[in-house]
Structure formats: structure tokens, C-alpha cells
């Protein structure tokens, strides 16, 4: 069953990839420019997307059966689910607005998220007592649904900014847009590097001294650019670290970050060298036909649809479950706080938009920041700030 | 202050920008191409009175700019609190003052000095949240009542200037043919618009209730904050922990002796690869090692009968048996008992035999209950042992004297006095784990170790929280309000019939594509021309500029 499940996930991944190209085709096609009438390419693309979504639901169900609980209990499962809900949210918004351009950006982002998810351990893990509750399914799925709809507002905002920002001369805008592009490219870099060394089965073990002065062992799965505190490489034929980190810093995680940035820089550099343009300038022609005010509307609408669902899942249901499992509905655990921060941020977004008239570009930048906060909560808070939620 | 009388005869409160009835622009906005439709141009206190100190405070809190600033400050402050773990998440044995510096260096020290280790209960954080609450309240009052009044009193026939300066606006010239508006009305009705007519002019409106969404959700939030505040009222909230050994019965703290709890058994179960039903987890178990499956306390709850007098034995009545697990607390009479911690294999009894050191002949054994030792143990005839001193958690202090660190039998030690027929005065012996001493000279007899028994201990949190229903009510009201305001839009379409033309205007508080779609559908089979979006037109006429901006 577990194997069938992962095959479903592969299938979904491939279908999303195909659908991305089909959406690309639909935009090239002149008729794709018109909002209301979908051309054949677009129809085919959305069909393939739905098929991929169905395959991923197949993955979800089969893994649920295999595990005996909803597969949302560790970072791999949750992140994959987030990717799936992102596609689901895209399908929903697509049928409201019929904009193929949205697919051309939403699907690659979903692909990136799913690829990123599979870099985490994928074994089926049992539920610790705190997670054995129906609220696991209710809270996590609702929160992820809300986040993914909010993420659509980011997708629309990216398209908005790519089209809106003037690429003829460099400015703060072009700089920050490139920062977003670079982050996306770095994620690709991370996936490539991690899966390459995983395929090579690279392992380097270190003896090191932790901050309490105790001796410990650590296994690296990437060549160590930075080694642990007073680290001694055990295997002779492995890459010797360039520098050793002080004990307070988690050298292994820093090493992964350095590799991702490095790979990102190389990839990004190559793109810039070949294209001789900013990445955003490179993709700008793709979106030349989209209607800016429609995108602005989609972005805003996604926040309006996503915000109540996010509140329900990430705060209301979360509090009810926390009261049952942890004796208190709120405990200032970092994940809780970051859910609150996300909520406060989107509340500010809505107030600025409704009462201060922050539309268009300003609203788009806000949508980007909102997404950054959610990703920070998903990745950084789980991996770096240890708390009650770091199950993975 | 004087009221403003509009040309249409309607009397508006001072400060009104757009006449509540006909929509004529009264204020200084006359020059703008489009009118600002926020709050219907009604007279808000904060925009009208700006003199006294009360006005100034009112205006400060009713400002959205201030509200958003407060949100952003709360957001940043909250984020700062997650940089390092809060005090409640550091090990309970650590001293915060040392812990932060030790673990995180100078940064940890600064973090601690600034009080960020307890950020969420700091006075300044509470002030920010309090100010947010006040802002929610005042901003809502400032806007709701004028808005409610003007939407209630709004006229059907609107001033030409009002129509012309709506974002959605269109004129259909009639020339000499007339257009029957019945079809349009039917089209709008089909889309669930509520139609009102006056002298042939039409106002089609739907989902006005969505305008109240923000105020409803603000009320929910205020109730929630009040609930959170009430927690500090004595009696509303109890948070205690009780440790119970297996077989032990204790008064439940926080219940004023009303309830007692007995721990019958504590069970810790882990996932087992060998077990058929846990097979699918074997890869994960290999990787992480032991993974807990269940923490469970089988308990019996007792209730005190009648009033207990000090010193008198309490009369207890059994209420129920329950298996407390994580996620399955025992609930009774506002109290909840949660499984939160445990300790396995705590020493419960220790057994000794009194023997002759030379012959190793036994003269009887004692079994000491480590939590409740006796003073004297009778053995075979003529033999007995006095327990002179007992140290449950023994260590030597600075002067080399034995003492106990706690009442928990982690490392028990005893001073025995052994009475035997040949030594009726008794011999004194000090016995600890792997250690015996004879402080008063060579003994003939000794207490020989004869095994231990252990038991598990469970820790349960006792909780009473009478604020929960208030918080829950607040939460539900918030959700209702936020859904009401987000999933519906207030849309209005005005159709004004004039001598030789039909003027159409539309307004929505959000989702302009939606209202355009509605209008398009309604006028589909009529000869009315589709109104345009004046904002779009403006944009496209300055397109080059926008692109270069």
C-alpha cells in the first residue's frame, strides 16, 4: 500500500509538470489572452491538473490506509499536503476567474513545494500520544487549506509584479523581485543537491563537542563545507570541512543552507549569463497579456477566501485541540505564535486594503510578505526553533 | 453643531460628506472625479470633532492607521518572543538568569536582561494588546452607527453628481425609443437583488448584511479579549499538578478538598515492531528508536461527603473510574485532569534481613515502605529493629553529615538500631545503597539488603477554566463576522430614468468583477449599454505612466 501511495505521488508530480507546459502553451496561443474564453490548450491544461490532483488524492488516501492515520503528521506529509491543497486552491480560483497564467505560476510553485517535501524523511511514522486525536485531521487539513488559498494570493501577486515592475532600469523593485526569483531558484538548487548526494549515498560522520562540552557524533549527508565544533572526520576519503563552527551554531543545518545558496547562486548565475537579463525580465513576456486589475482582484479575493479558513484551522481548531491535548488552549509555543503572526499580518493586509486603499502593487508586495511568513513558519519554525510542533 | 440640509430636503448630521438620502456631495470632495464611498460619506465622530482631549483620544483609537500600526507592533513583538525559548520552555531545573547566558552567550544574556524570556506576560506586551482591544472597540463604534444610519436612510433616487462619480457608470441614450426596465429588474431579481423603486428609478441591492461583518467580528474579538482578561479573576482559573504513585490516593489540589483521586495503575506503552499492528512503522522505529504509543493512568475519582472538620477523617464516596490518556482528560464538575508527565520505576519498598555477620544466620526480615516507613519493626522473638533516621534522597552535606535533598525516595538511606537478645541495648548501623557504616563501633549483626520493589508515578494537571465558554463564544462570533464580511459583498445598482437617457451606476464594497458580471447578466437581452469601470479607463489612459512607475 505504501508503494502504491508513492507511485500516485510520482504520477501527480508528473501530471502537474505536464500541465505547467500546457498552461504555457495556452498563454502563447493568442486566444489565451482573452479572459473569458478558454482556448483548447487551457482546457487540456486544467484537465491534466485535475487529473494530477486526483492522483495526489489517491496518494493521500492510500497513505492514510497504510499508516492508519491521516498523512499529515510529519514535515514530509504536511508539506506534500500543503502542495496538494495549493493545487486544489488553484483549481477553485481557476474556475472563478479562468486565468491560465495563474496555472503557469501556481503549478511550478506546487511542484517546488512537493519536491522540497520529499527531501525530508518519508517513512510512515507512528503517532505519539499527543497526536492521537481526530483533531489532527481537522486542525491540520483546515489550516493547510487556509494557507494554500492565501498562497494563491502570492502566486497572483508574483504575476502582477512580474508584469508591473519596469525592467528597463534597475530599482528597488527589480532588486526585490530578483530576491524572490533567487529564492525560488535556490529551492530548486536545494532539491538538486540533496537528491544528488542522496542518490550517491554520501555520508560523512564527525566526532564533535557540543556546547555542554560533551562528545557526540553527527552524520552529514552533504559534503561538509562547515564542520561541527571541534569536529573530527571519521571517514578518511570524505571532504574535509573548510572551517569549524562554534558549538552554539548547528553546523549541519548551516551547511545545508550554504549548499542551497551556493547551488542557487550557480543556477541563478547561469540563467543570468545565458539570458543576459534579470530572471523576472526573462519571464515578463509570458505574462504580457494578463490583466493587472484582474490579478489584483484574484490576489485580494484569495486572501478574503483564505483568511477565515486559516483562522478556523490554524487558530480556532488549534486552540480547541490544544485545550484537549496540552491542557491549555494557548501556550505561546513558537508555532502558535507564528500562526498568530500570520493572522495578524493578513488582518493588517485587509485593513490596509479596505481602509487605506492599498491596492495593486502595494497589495502585491504584501501578499509576497504574507507568503514568506507562512513558509518561515512551515520550515524555519519547525527545523530551527524547537517547540512542541517539531515532530519531524 | 449645525446640521446640514441638502438640496433634496434631507437633514444630515454635521460632518456628512455625502447626503444620506440622495447622495449629493456636500463636503469638500466636489472636485474629485470619483467619490470616496467609504462609510457612505457619513459623519463619523472622529472626522468631525477634533477639539477636546476626549476627541483626540477617540480619534487616535478610531484611526485605521493607528490600528494597523498596533497590529504591526504586536506582530513584531510576538516574533521577538520566539527567537529564544520562553522561560516556561526551558528546563525547570535551570535558573533563568544563568540558563540564557550559558546556552546562548551574550545574546541570551541581553535577551534575558530585557525581559524577553517572559515577553508575553510583560506589562508592555499586555498594553499593546489592550490598546488593540480599545482600538477595535472605538473604531467600530465610530464607523458602525453612522454607516448603519445612512444605509438605512438611503434614498432610491440619487443625485446626478453621485451617479456620475461612481466607479461603475454608464449612460444609455434613448433617442426616441423607450426601454422597458422590467427585463433588467427580472434579471437582477434572479441574481437575488432586492429591488426598490421610486418614480421609475430603481435601486437594486444585495447582501447589505455583509457590511456588518467587520463589526460582528470585532465584537467577537473584544469578547475573546475580555475572556482572556477574566482569567486573572480568582476562582475562574486553576492550574495545578498532582503527582500520584500507583495505589496512592490524594486530595486533588485546587478543589478545596472536595475531590480525591486514586492512581490504580500507570501504563506506558511503546510502538513495537514485533507487534502485527505496528508493523508499518518499523522503518521509523529503527530510525528514531523508542516511540511512545500510550501514556495512561487508570484512576478512581472520589468525592468528599459532608463537611470535613480539621483532624477528622474524611468520608469519601466513589464517583467513577476512568482511564486518563493524553487527549482524553477526565472531566468532572468544571475540573479536568490531564495526563502530563510520569516517572517509571520509582523505589517503593526496600527489604532487609537481620543477620549475624559471622554465621549469616537470619533472624527475620523487614520490608520498609519508602514513602511511609514505620518507626519500629518486630522480628523473630526477642529481635526487633528501630528506624532511627530515614533519608529518602540521601547525600552528605558539606560537613559530612547525612541529609536528604527531597522527599522522593531516589536514594534512600537508613540508620537502624538492631535489638537482639545478646545486645539488648542495640547496635547502630547506617545503611545506604551499596554502603554501610557502623558509626558506634564494630557490630555483631547487620541489616542485609534483600531486594526492592518499584512503582510508577503519574503526573496529572488539574485544570478549571471558567473563561472557556466566553472565549468560545467570542471565537464563534468572530468566525461568523469574518465569514459574513468576506464571503459576501454588498452590491448596489442604481438606475435613474431621465427624459432622454437612462443612467446606471454601481457600487460594491469589494469584488468589482462580480458586480460587473451581475450587471452584464441583467442587461444581456436589453438595449442598455454596459456601464464602464471608470477606474479602469483612467488607468488605461495613463497606461504608459503606470508601466514606467
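Descriptive notes on the structure:
- Working ranking of peptides B:109-119, B:312-322, A:45-55 by packing, defined as the average number of other Cβ atoms within 10 Å per residue, highest first, is A:45-55, B:109-119, B:312-322.
- Highest average packing first - A:74-80, B:67-73, Cβ atoms within 10 Å: A:74-80, B:67-73
- Share of Cα-Cα pairs in the stretch B:348-450 lying beyond 19 Å, as whole percent: 39
- Using all pairs of distinct alpha-carbon atoms, the Kirkwood hydrodynamic radius of the stretch A:55-191 works out to 16.5 angstrom.
- Residue by residue along A:352-358, Cβ atoms of other protein chains within 10 Å of the local Cβ number 4 on average.
- Inter-label distance, nm, simple model (7 Å from Cα along the C-beta direction), residue B:189/residue B:411: 9.0
- Burial ranking of peptide ranges B:43-52, A:360-369 (average Cβ count within 10 Å, highest at the top): A:360-369, B:43-52
- Calculated diffusion of chain B, Stokes-Einstein form, Kirkwood radius summed over Cα pairs, 25 °C and 0.890 mPa s, µm²/s: 76
- Shielding score for A:303-313, defined as the mean number of other chain Cβ atoms within 10 Å: 4
- Backbone N under 15 Å from the residue B:334 label point (7 Å along Cα→Cβ), restricted to the stretch B:196-230: B:230
- Relative contact order computed over the stretch B:348-450 (Cα-Cα under 8 Å; 6+ residues apart), in percent: 26
- Stretchable slack from residue B:51 to residue B:102, in nm (0.36 nm times residue separation minus alpha-carbon distance): 12.9 nm
- Cα-based helix-to-principal-axis angle, B:512-522 vs chain B, degrees rounded to 10: 50
- For the stretch A:151-167 versus the stretch B:261-313, the spacing of their alpha-carbon centroids is 53 Å.
- Gyration tensor (alpha-carbon) shape descriptor, the stretch B:308-364, a/c threshold 1.5: oblate
- Shielding of peptide A:119-125 by partners, expressed as the average count of other chain Cβ atoms within 10 Å per residue Cβ, is 4.
- Descending semi-axes in Å of the stretch B:274-338, equivalent ellipsoid built from Cα gyration tensor: 41, 11, 10
- FRET efficiency for residue A:196 and residue A:237, using Cβ-Cβ distance with R0 set to 22 Å, rounded to 0.05: 0.80
- Cα centroid separation - the stretch A:96-138 against the stretch B:123-191, whole Å: 40
- The Rg/Rh ratio for the protein assembly as shown is 1.07, where Rg is the radius of gyration of the alpha carbons and Rh is the Kirkwood radius.
- Once Rg and the Kirkwood radius are both taken over the C-alpha atoms of the stretch B:20-75, their ratio Rg/Rh works out to 1.08.
- The separation of the stretch B:68-87 from the stretch B:451-470, counted between C-alpha centres, amounts to 32 Å.
- With the biggest extent put first, the Cα atoms of the stretch B:148-291 measure 98, 49, 24 Å across the principal axes.
- Dimensionless Rg/Rh of the stretch B:41-157 - Kirkwood Rh, Rg from C-alpha atoms: 1.25
- Using alpha-carbon coordinates, inclination of helix B:64-80 to the longest axis of chain B, degrees: 30
- Those residues of the stretch B:436-462 whose amide nitrogen sits under 15 Å from the label point placed on residue B:359, 7 Å along Cα→Cβ: B:444-446
Read-outs: derived from the displayed coordinates by stated rules, not from any lab. Predicted model only: the values in this text are computed from it and were never measured. Neighbour counts run over all protein chains shown; Cβ positions are idealised from the backbone, glycine included.
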